[in-house]
Amino acid sequence: MNTASPASIEALQAVKMLAPMAILGLWSLLLVSIARWQTQSPRLHRGIALGGVLFALLAALSLLGQSSLDAGIPLLGGSLVVDPLATLCDTALLCTLLFAILCDRRFSLDPPALASAVVASAGLMLTMHAADLLPLVAGLEIGALSLLVLIARDPKDRPQALRWLVGQGILSVSLLFGIALIVAATGTTSIASIGARAAMIFTRWGAGPAQVAVDLLTSGVPIPDALEAEARNRAVTAMAPAALFLPGMLLTFAALALRFGAAFGHRLLAGIYQNASPAAILLFEGGLRLATLVALLRLFVTGLHVPRQLFAPYGWSTPAVLLIAATLIVGGLTALRGRELRVWLAGQAIVSGGWLLLGALAAADFYAHAGLRGGAITVIDHHEWGLRSGDATIAALLALALTQAFASAGLLAMISALGQTRIRGPLMLRGLHSRRPPLAWAATLLFATLAGAPPTALFLARFELLAAVSGDSNLPLRMLILLALLAAVAVAAAALRFLVEIFSPAASASLNPEPASKGALAPTALAIISALLIMLAGAAPTFATRGLELAACGMGINPGARSRGQRLQLLRARWAAEDAGPKGAPGSNIGPASEPKTTPPRTAKPERSPSGQK
């Protein structure tokens, strides 16, 4: 009897682990094919798309929380990885796609738009699983171009589609150029190897014969021409990789951050929110932004958190601080000046992006702290404190991103339920409490969530993020915390006028929005369900918190490493001890009493650079 070859076994395992992405990819090909020859039955397309999305969602749920994925399983030669973070983001993306199909009737009955949305989701899943730069970039480009098709389906949105094309084209060129410089400097496209090779570049640059050559050239002592030529050759040879790597790293970070919706790229985000359909906004918020966030975490937080790559004068933290500050300021001002609901949503999304970038920077700072103390100076408490603080920051960051996506989805479903109207400001909501009480209360909870009012899920996520970030002694980060709080206050103050309109007396008949009589039941139900789920997450966050902790645990360690799997095993053991009793299971040494300290000992303070960085 013939046995299966190792290649076939590996291919079968890859298909099993990547089942959600594979199903969505096959369904996208099916929808694109059907859209070419069968355009008279849009309900058939909608049914096929719903079946594929539900099938892929079931496959993603079957992988969610599996202990065999704790350390991360590299697939296809290490170019892709399946870990708790990827499975969680797969599930969130599929829920967003399902939400878009159900709440936007016009989108779901447009076969080309539906096919482009499924193609975009399959491409963005590729980015979420990327352990190599090539699939990371390919997935982002597929998602951005497919969203362009989705936006351009409405003739009124063609100018916005053109602006999207130009802006995304510039960001794509910047991203490709930055990655090309990184690959030229390090000689690899593997995210797990880039950090180590970059550290070797800086080591060769600052030590050994290269440093001797630099000292000799800058000493001012007369030297023979042959010796001077040899010294210049050695200095330039050692410096060339660093001269390629540094601009490549900064260009890549800037391109990803601007595509995420940070300042100077916020106009693309604002244009989507103000002009695109609810389905396009949903796929941008819960698809492209989420995939870009995962790419930032994998490349910069997990891969490039070595102190020389992070801190001044060469690291990416200095431009990140400036970009985060500009993002928070721009988002707060946009929310305050926005008299229309969509403009306020755009400002709130920009501010939320600033919070997420702040969390990513703080997590990288913690991991750099743990690596420094765990390597050069072995202080176990410091090493463990840095890793645990970084993991807690990532968990809070993911909670903030997912809560933002689902609360925005609920408000967009409310917009679909109210129907299309030219009146897009607060008047669209006037008298909603008297006309549709359930929808009004759901909208109130969603507004309160996005405004960060206690005790909503977004408030809890921000509180956990601030609690984690405040443990960092980095002065710029602490200044950013104050700026983030001011931006959050601005968003909350701007949300009050919409809440006032909801409970105000109804306007005249000429000002009331046109009711969406056909197909309005599904968006209304989705808005109410979204509000109830967010309320449940805020009232009983234990289950959701554990899922986020599982996805965030070990993010400072490359996927597939044994130490990462060991950290997740300890996390599961701690959960078992907590379930058994407040002091741990009998006979077990794992529990709150034996956990590492949550604050670093005073005898091992973090080092600082002249700019205030560690």
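The values are calculated or read from the model by the stated rules, or taken from the named source; none is laboratory data. Nothing here was measured: the structure is a model prediction, and the numbers come from that model. In this analysis, Cβ positions are derived from the backbone assuming ideal geometry, glycine residues included, and neighbour counts consider all displayed protein chains.
Here are some notes:
- Being farther than 19 Å from PHE253 by Cα, of a type in the set (D, E, K, R) and surrounded by 22 or more Cβ atoms within 10 Å (Cβ to Cβ) holds for only one residue in ASP391, ASP365, and it is ASP391.
- Within region 43-65, the set of residues being within 15 Å of LEU29 (Cβ to Cβ) and among the aliphatic types (A, V, I, L, M) comprises ILE48, ALA49, VAL53, ALA56.
- Residue-level check: of (1) out of contact with any Gly (no Cβ under 9 Å at 6 or more places or on another chain); (2) surrounded by fewer than 17 Cβ atoms within 10 Å (Cβ to Cβ), LEU75 misses just (2).
- Residue in region 363-380 that is small (Gly, Ala, Ser), at pLDDT 90 or above and either assigned to a helix (DSSP H, G or I) or touching a His at 6+ places or on another chain (Cβ under 7 Å) (or both) present: yes
Conditions tested, residue by residue: (1) at pLDDT 75 or above; (2) closer than 17 Å to LEU304 by Cβ.
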| residue | (1), (2) |
| --- | --- |
| PHE202 | yes, yes |
| PRO209 | no, no |
| VAL212 | no, no |
| ILE223 | yes, no |
| VAL236 | no, no |
| ALA240 | yes, no |
| PRO247 | yes, yes |
| ALA257 | yes, yes |
| PHE260 | yes, yes |
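- ALA561 being surrounded by fewer than 18 Cβ atoms within 10 Å (Cβ to Cβ) and either touching a helix residue (DSSP H, G or I) at 6+ places or on another chain (Cβ under 6 Å) or at pLDDT below 80 (or both): no
- Residue in region 157-173 that is of a type in the set (A, V, I, L, M), under 19 Å from the mean Cα position of the chain (by Cα) and in a helix (DSSP H, G or I) present: yes
- The condition of being crowded, with 24+ Cβ neighbours inside 10 Å, assigned to a helix (DSSP H, G or I) and without any contact (Cβ under 8 Å) to a residue 24 or more places away in the chain does not hold for GLY143.
- Elements of type helices (runs of 4 or more DSSP H) contained in region 234-352, each with 2 or more residues being more than 23 Å from ILE191 (Cβ to Cβ), touching a His at 6+ places or on another chain (Cβ under 6 Å) and hydroxyl-bearing (Ser, Thr, Tyr): none
- When LEU496 is tested against (1) modelled with pLDDT of 65 or more; (2) surrounded by 13 or more Cβ atoms within 10 Å (Cβ to Cβ), exactly one condition is not met: (2).
- Within region 185-200, not a single residue is within 22 Å of LEU97 (Cβ to Cβ), assigned to a helix (DSSP H, G or I) and in contact (Cβ under 8 Å) with a residue 24 or more places away in the chain.
- Number of the exception - ALA544 against (1) under 30 Å from ALA442 (Cβ atoms); (2) among the small types (Gly, Ala, Ser); (3) at pLDDT 80 or above: (3)
- Checklist (1) at pLDDT below 85; (2) assigned to a helix (DSSP H, G or I); (3) of a type in the set (Val, Ile, Thr) applied to ILE423, failing item: (2)
- Of all residues making up region 147-184, the number that are touching a residue at least 24 places away in the same chain (Cβ under 8 Å) and under 30 Å from LEU304 (Cα atoms): 17
- Across region 429-468, the qualifying residues are those that are charged (D, E, K, R) and assigned to a helix (DSSP H, G or I), and the one among them that is modelled with the lowest pLDDT is ARG435.
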